[in-house]
Each structure stands twice: as C-alpha cells, then as structure tokens.
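Engineer: Quick one: structure below, then a few questions.
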2 protein chains.
Amino acid sequence: MALRHAVLAALLDGELSGYELAKAFDLGVANFWHARPQQVYAELTRLEGDGFVAGREVVQEGRPNKRLFRVTDAGLAQLQSFTAAAAKPSFIRDDLLVQVQAADHVDTGALIERLTERAAVAREKAGLFTRLLGTMRGERTEEEFLRDGGRVGPYLTCQRGLAFEEGNREWCEHVIAVLRDRARTRPDD
Amino acid sequence: MALRHAVLAALLDGELSGYELAKAFDLGVANFWHARPQQVYAELTRLEGDGFVAGREVVQEGRPNKRLFRVTDAGLAQLQSFTAAAAKPSFIRDDLLVQVQAADHVDTGALIERLTERAAVAREKAGLFTRLLGTMRGERTEEEFLRDGGRVGPYLTCQRGLAFEEGNREWCEHVIAVLRDRARTRPDD
DNA sequence: CATGACTAGTCACTTCCATGACTATCATGG
DNA sequence: CCATGATAGTCATGGAAGTGACTAGTCATG
C-alpha cells in the first residue's frame, strides 16, 4: 500500500499527467520511490475509483490527449493518515550486495566490472540529483531555501537520494580498491 | 529471483540451520537482504529440490531437531553465474521518504515523531553493525583484515549497511532540524 | 503453575510488483 | 522513405513478497 501514497505525494505539487508521473517513477526521478509505468497507470485508475485523485481530459493537437490528475481532499486526508502511522522499517535489497557477499567465492574480475558499472550509475544519479536540487532552490542558498522556501518536502527527499547515491559510489570504489589490492598481494586464492 | 542467491551467499561461510538463516534474514542481520522466515524456509525447500543446497537432519535433545544446510557445487556454480550477470539497479523504497515528500501538506509533529523513531532504529542498527565488524576483524585493524583476512565479502556488505544506517540517521536528524526551524520561524503555514 | 519467550518450523491467502506485448499518432534525422 | 524515439497509454500473466495462523516441545520468570 505504499505506491498509492507515493503517487499521491508526487501529485501534491501541481497536476501531472499519467505519462509524466509514470516517467518520473520509472527513472526514479521521483527519487523516493520506483515503479514501472504500468503500475503507475494501474494505481491511478484505482485511486480515481476510490476518489483520492481526480483526472481531467486535456485535448491536445499534434499528440494524443492526456489526462491530468490532482489530489482530492479525500486523497489528502488519506495521505495525512498514512503519515500519522508508523513507517515500516526500510531495508537495503540489492543484487550487488548479494554478489559482494559472495566475493570470496566468485570471480573477482567479473565482480569488479559490476562494481564499476554501479559506481558509474551512482555518479550519474548523484549528478542528476545535484542539478535537481539546484533547480529547486534557484538563486537561494540551501540554508535560505530550507528556512524560507515554499515546499521543502521534495528537496529533503532529493537530498536523501543524493546522499544515498554518493554512499553507493564511495562504497563501490572502496570495494574495488580492496579487491584489487587482494588480487595483487595474494594472486592465487 | 534474488532471494535464492541471497540465501546461497549467506550459506557460503559454514552450515546454518533454516531457523538461523530465517532469523538472520528477518532481523536484517544478514544486512544485505531482508526476508520473512516463511520465505526463507520456502526458498530452502526449492533450493534443495533443485540440488543447490543439501540439508542434513541433526537430532537434538531438549529441543526440536533441526536441519543444517550447505551449498552444493551446483549451488556455487549457480551463484557464480549470478555474479557474472549485471546487477539490477537498486532503488530506495521507503515509506518514510514518501511521508517526508508530503511534508508540506501534513502534520509536522507527527512527521517529526516518525523521523525520531527512525533515527533511533538507525542508531541501533549502526551499533549492531559496528559490533559485527569488530567481531569479524578480531584483533586486526580494518586495513589488515581487508588485506589479509580470509573472507572479506560479509565484512564489505556490513560496511555498506553501516554507512547506510548512518546516512539514515544523519538525514533524519537533518530533516527534524529543518522542520523544527520552520515551525519556529513560520508558525502558521 | 501459568505465562510468555525461544527453538524449529509449516500452511494458506492476498496483495504487490515485474515483465512482456500491444495500440496509436506525431516529429525528427538520415 | 523509413527508422527511431517521444507522447500517451492498455492488457495479461506470473512470480515475489507480506500477513496471519498453527504445531509442539523447552526453558525461565514471576
């Protein structure tokens, strides 16, 4: 039941089309949650059925019509009661960690490749988040924005995303260094 | 299909009973993956059926018999081919982030409670991981252990877990400070 | 001596999430 | 002129994960 609330939370700041939402959740630009387009569309349908969002058809020329969604009062109430309840603990759940856990029993070269790929992805994402933060705060310094800015929710979650990706990158590089060093100092093992 | 490999990876360093495994995955002590006991037992049954793990009954007195599992050669091969393949990108997926995303539209007090709870959990987990790391490296320094130690896989994943939980705690405290400051400087908004 | 916590699991049910395939139209580039 | 990529979605299916309930014996605590 969290995708529901993630969609509601993403819709809080202005109307979005299903397509925009779906893209944001797919790329993880809505960095606080991830979902495939099909899931997002399905969830929007359900949310509309429950009266938590309202959609309106927008006729476009030169491209398919779209539907813009906004959160209803009932939807906002729903989101508020969600926030009042305890958040489930979050766990890392990552293929790459499983692979590193097995590091001593598998091919080091392949593992270093995986780590290098991940480090690159993390760097890209961190860059994206950094730009996003810059866009949100505009001319202001971070401190000013967090004190006086209109909506800080998205900014704060983006900061978490940034820190997470930087943590990922640093850890990947650290593991690569360790594995390389071991390969050098104890070649056959 | 990742729980499979997580279980295999957890079993690499010595035999474990289903119960021990299940507990580790439930508490997240196997900090690189999380799963409920029922999932773990079910997965063990499947893995045994596929010949990737082998179980042996151990008769105990004073308590129920247990089954100890170890990874077979086929299981190791399976895990190696898993590690050779690209890891899926990982996404944060966290109720608390959804709640913070909605921060500007919900009750600040309740949100600060959630953040405080989470910060406490994160601190506990970080402490646990720190102790675990200490146990693994024993008398050696971290540098020595990572260079000369026998199995570094579990150590490295534990380091990631530690960094993640510290990141969580810092972020929670940061968000709390921001929200408190805003509540003070712009009370009705 | 009853209550709850620990060991060691199993069964059933539901909901969530992932994946692939499919329909359209329009704009852009080679 | 054809391929691609973006816009804007829908449908179907399977696998993964979450939830609750249940068995059954042992040990410690009040």
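Engineer: Find all pairs meeting these conditions: Cβ atoms under 7 angstrom apart; at least six residues apart or on different chains; first residue within segment B:29-57 and free of Cβ contacts under 8 Å to residues at least 40 places away in the same chain and not assigned by TED's automatic domain parsing to the domain that holds B:ARG160; second residue away from DNA strand C (no atom under 12 Å from the Cβ) and part of a loop (DSSP other than H, G, I, E, B).
Structural biologist: From segment B:29-57, the pairs are B:HIS34/A:PHE91; B:HIS34/B:GLY28; B:GLY51/B:THR72; B:ALA54/B:THR72.
Engineer: May I pose another question? Give the residues of segment B:51-71 that are within 26 Å of the chain's Cα centre (by Cα) and within 9 Å of DNA strand C (Cβ to nearest atom), sorted by residue number.
Structural biologist: B:GLY55, B:LYS66, B:ARG67, B:LEU68, B:PHE69
Engineer: For segment A:164-187, enumerate the residues that are assigned to a helix (DSSP H, G or I), loosely packed, with under 14 Cβ neighbours inside 10 Å and more than 8 Å from chain B (Cβ to nearest Cβ). Lay out the reasoning, then the answer.
Structural biologist: Residues of segment A:164-187 assigned to a helix (DSSP H, G or I): A:164-185.
If we keep only those that are loosely packed, with under 14 Cβ neighbours inside 10 Å too, we end up with A:177, A:180-181, A:184-185.
A:ALA177, A:ARG180, A:ARG184 - these are the residues of segment A:164-187 that are assigned to a helix (DSSP H, G or I), loosely packed, with under 14 Cβ neighbours inside 10 Å and more than 8 Å from chain B (Cβ to nearest Cβ).
Engineer: Something else now. Does segment A:11-28 hold any residues that are under 23 Å from A:ALA122 (Cβ atoms) and aliphatic (A, V, I, L, M), and which are they?
Structural biologist: If we filter segment A:11-28 for residues that are under 23 Å from A:ALA122 (Cβ atoms), which is where we start, we get A:23-28.
A:ALA24, A:LEU27 - these are the residues of segment A:11-28 that are under 23 Å from A:ALA122 (Cβ atoms) and aliphatic (A, V, I, L, M).
Engineer: If only one of A:GLN99, A:GLN78 is assigned by TED's automatic domain parsing to the domain that holds A:LEU156 and not aromatic (Phe, Trp, Tyr), which one is it? If you could, list the steps in order and put the result at the bottom.
Structural biologist: On the way: A:GLN78 fails: assigned by TED's automatic domain parsing to the domain that holds A:LEU156.
That would be A:GLN99, the only listed residue that is assigned by TED's automatic domain parsing to the domain that holds A:LEU156 and not aromatic (Phe, Trp, Tyr).
Engineer: Can you pull out the residues in segment A:45-71 that are aliphatic (A, V, I, L, M) and outside any helix (DSSP H, G or I)?
Structural biologist: So the first thing to find is which residues in segment A:45-71 are aliphatic (A, V, I, L, M), and the list is A:47, A:53-54, A:58-59, A:68, A:71.
Answer for segment A:45-71, where residues must be aliphatic (A, V, I, L, M) and outside any helix (DSSP H, G or I): A:VAL53, A:ALA54, A:VAL58, A:VAL59, A:LEU68, A:VAL71.
Engineer: So, one more: Among A:LEU44, A:LEU21, A:LEU16, A:LEU68, which is among the aliphatic types (A, V, I, L, M), over 25 Å from B:ILE92 (Cα atoms) and within 10 Å of DNA strand D (Cβ to nearest atom)? Quick ask: steps written out before the conclusion?
Structural biologist: Numbers: A:LEU44 fails: over 25 Å from B:ILE92 (Cα atoms); A:LEU21 fails: over 25 Å from B:ILE92 (Cα atoms); A:LEU16 fails: over 25 Å from B:ILE92 (Cα atoms).
The match here is A:LEU68.
Engineer: Of A:GLU48, A:GLU61, which residue is modelled with pLDDT of 90 or more and acidic (Asp, Glu)? Show your work before the answer.
Structural biologist: Working: A:GLU61 fails: modelled with pLDDT of 90 or more.
Matching residue, one of A:GLU48, A:GLU61: A:GLU48.
Engineer: Now a separate question. Does B:LEU132 count as more than 8 Å from every other protein chain (Cβ to nearest Cβ), touching a Leu at 6+ places or on another chain (Cβ under 9 Å) and closer than 24 Å to A:ARG169 by Cα?
Structural biologist: Details: more than 8 Å from every other protein chain (Cβ to nearest Cβ): yes; touching a Leu at 6+ places or on another chain (Cβ under 9 Å): yes; closer than 24 Å to A:ARG169 by Cα: yes.
In short, yes.
Engineer: To continue, here is another question. Determine, yes or no, whether B:GLY127 is surrounded by fewer than 16 Cβ atoms within 10 Å (Cβ to Cβ) and either of a type in the set (D, E, K, R) or out of contact with any helix residue (DSSP H, G or I) (no Cβ under 8 Å at 6 or more places or on another chain) (or both). Working first, answer last.
Structural biologist: Numbers: surrounded by fewer than 16 Cβ atoms within 10 Å (Cβ to Cβ): yes; either of a type in the set (D, E, K, R) or out of contact with any helix residue (DSSP H, G or I) (no Cβ under 8 Å at 6 or more places or on another chain) (or both): yes.
So B:GLY127 fits the description; yes.
Engineer: Which condition breaks for A:GLN159 when tested against (1) under 26 Å from B:ALA126 (Cβ atoms); (2) in contact (Cβ under 8 Å) with a residue 12 or more places away in the chain; (3) touching a helix residue (DSSP H, G or I) at 6+ places or on another chain (Cβ under 6 Å)?
Structural biologist: (3)
Engineer: Residues A:ALA86, A:ALA42, A:ALA22, A:ALA74: which one is more than 13 Å from DNA strand C (Cβ to nearest atom), modelled with pLDDT of 85 or more and not in a strand (DSSP E or B)? Reasoning before the result, please.
Structural biologist: Numbers: A:ALA86 fails: modelled with pLDDT of 85 or more; A:ALA42 fails: more than 13 Å from DNA strand C (Cβ to nearest atom); A:ALA22 fails: more than 13 Å from DNA strand C (Cβ to nearest atom).
Every option except A:ALA74 fails the conditions.
The rows are residues; the columns are (1) over 30 Å from A:PHE129 (Cα atoms); (2) at the interface with another protein chain (Cβ under 7 Å from one of its Cβ atoms); (3) of a type in the set (S, T, N, Q); (4) surrounded by fewer than 19 Cβ atoms within 10 Å (Cβ to Cβ).
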site: B:ASP13; (1), (2), (3), (4): yes, no, no, yes
site: B:PRO37; (1), (2), (3), (4): yes, no, no, yes
site: B:GLU43; (1), (2), (3), (4): yes, no, no, no
site: B:ALA54; (1), (2), (3), (4): yes, no, no, yes
site: B:VAL59; (1), (2), (3), (4): yes, no, no, yes
site: B:ASN65; (1), (2), (3), (4): yes, no, yes, yes
site: B:VAL98; (1), (2), (3), (4): no, yes, no, no
site: B:ALA102; (1), (2), (3), (4): no, yes, no, no
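The values are calculated or read from the model by the stated rules, or taken from the named source; none is laboratory data. Predicted model only: the values in this text are computed from it and were never measured. Using ideal geometry, Cβ is built from the backbone for each residue, glycine included, and neighbour counts are taken over all protein chains shown.
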